[in-house]
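S.K.: Have a look at this one.
The values are calculated or read from the model by the stated rules, or taken from the named source; none is laboratory data. Because the structure is a prediction, the values reported are computed rather than measured. All Cβ positions, glycine included, derive from the backbone under ideal geometry; neighbour counts span all protein chains shown. To get the accessible areas, we keep the full protein, side chains included, count just its heavy atoms, and leave off ligands, DNA and RNA. Shrake-Rupley method; radii C 1.70, N 1.55, O 1.52, S 1.80 Å.
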Amino acid sequence: MSRMTPFASPLLLGFDAMEKTLERISKASDGYPPYNIERLAADRLNDDPERLRITLAVAGFAEEELDISVEENQLVIRGRQTDQGERQYLYRGIAARQFQRTFVLADGMQVLGAGLKNGLLSVDLIRPEPARMVKKINISVPQ
């Protein structure tokens with residue numbers, strides 16, 4: 001029995017890369033660090049557009065231990081803590097664990113900036129309205 005994919009329609013051309021991306025994302029989720037994604041309404045007074053905010057719980061990470069980059073159409077957030085050997089723990093419930101969290105961005109999405117406050121890393125994204133484009137295609141007829 002073959003599996004029917006969402007992009008199997010003959011009317012959807014060139015979406016095979018997106019299908020592979022969706023498969024990769026579904027396999028790569030381990031749940032750490034936990035995160036929220038929220039939609040922030042446009043602020044007309046400050047002329048701020050509507051945006052998305054990704055907030056990750058990164059307690060124990062300093063700014064220099066976090067890295068945010070956009071690679072092709074993916075937002076990649078990495079964290080790497082250095083284990084401080086001079087400490088002696090009686091109990092260690094907060095692990096110095098590295099992570100990589102990847103979010104696939106739609107075409108045109110842009111990262112506005114990021115901030116770290118109270119153990120929460122926030123990354124703001126916007127999608128500027130694309131200019132509506134209509135292109136006329138001429139039909140050639142051999143004579």
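S.K.: Where the accessible area of the stretch 36-78 is counted over protein heavy atoms with a 1.4 Å probe, how much of it, in %, is carbon and sulfur?
M.R.: 42
S.K.: Under the classification rounded if a/c is under 1.5, otherwise prolate if a/b is larger than b/c and oblate if not, where does the stretch 61-129 fall, given a ≥ b ≥ c as square roots of the Cα gyration tensor eigenvalues?
M.R.: prolate
S.K.: For the chain, what are Rg and Dmax over the alpha carbons, in angstrom?
M.R.: Values for the chain (Cα only, Rg and Dmax): 21.4, 88 Å.
S.K.: Right, something else. With every protein chain left in place, what is the accessible area per residue of the chain in square angstrom, probe 1.4 Å?
M.R.: 84
S.K.: So for the stretch 27-120, averaging the separation of alpha carbon pairs under 8 Å that are six or more residues apart and normalising by length, what relative contact order in percent results?
M.R.: Reported relative contact order: 26 percent.
S.K.: Moving to a separate point now. Please give the helix 16-27 orientation as an angle from the longest Cα principal axis of the chain, in degrees from 0 to 90, rounded to the nearest 10.
M.R.: It works out to around 20 degrees.
S.K.: Ignoring ligands, DNA and RNA, what percent of the accessible area of the stretch 103-143 is carbon or sulfur (1.4 Å)?
M.R.: Reported share for carbon and sulfur atoms: 53 percent.
S.K.: Around residue 126, with a cut-off of 14 angstrom between Cβ atoms, what is the net charge of the other residues, counting Lys and Arg +1 and Asp and Glu -1?
M.R.: -4
S.K.: Then there's this: Give me the dipole magnitude in Debye, nearest 20, for the chain about the Cα centre, with unit charges on the beta carbon: positive for Lys and Arg, negative for Asp and Glu.
M.R.: It comes to approximately 420 debye.
S.K.: Then there is this: Among 8, 131, 90, flag the residue with its Cα farthest along the positive direction of the charge dipole of the chain, charges on Cβ as +1 for Lys/Arg and -1 for Asp/Glu.
M.R.: So the residue we want is 8.
S.K.: When the Cα centres of the stretch 53-93 and the stretch 102-128 are compared, how far apart do they sit, in Å?
M.R.: So the two Cα centres are separated by 16 Å.
S.K.: Hey, can you rank 86-94, 54-62, 32-40, 8-16 by average C-beta count inside 10 Å, highest first?
M.R.: 54-62, 32-40, 8-16, 86-94
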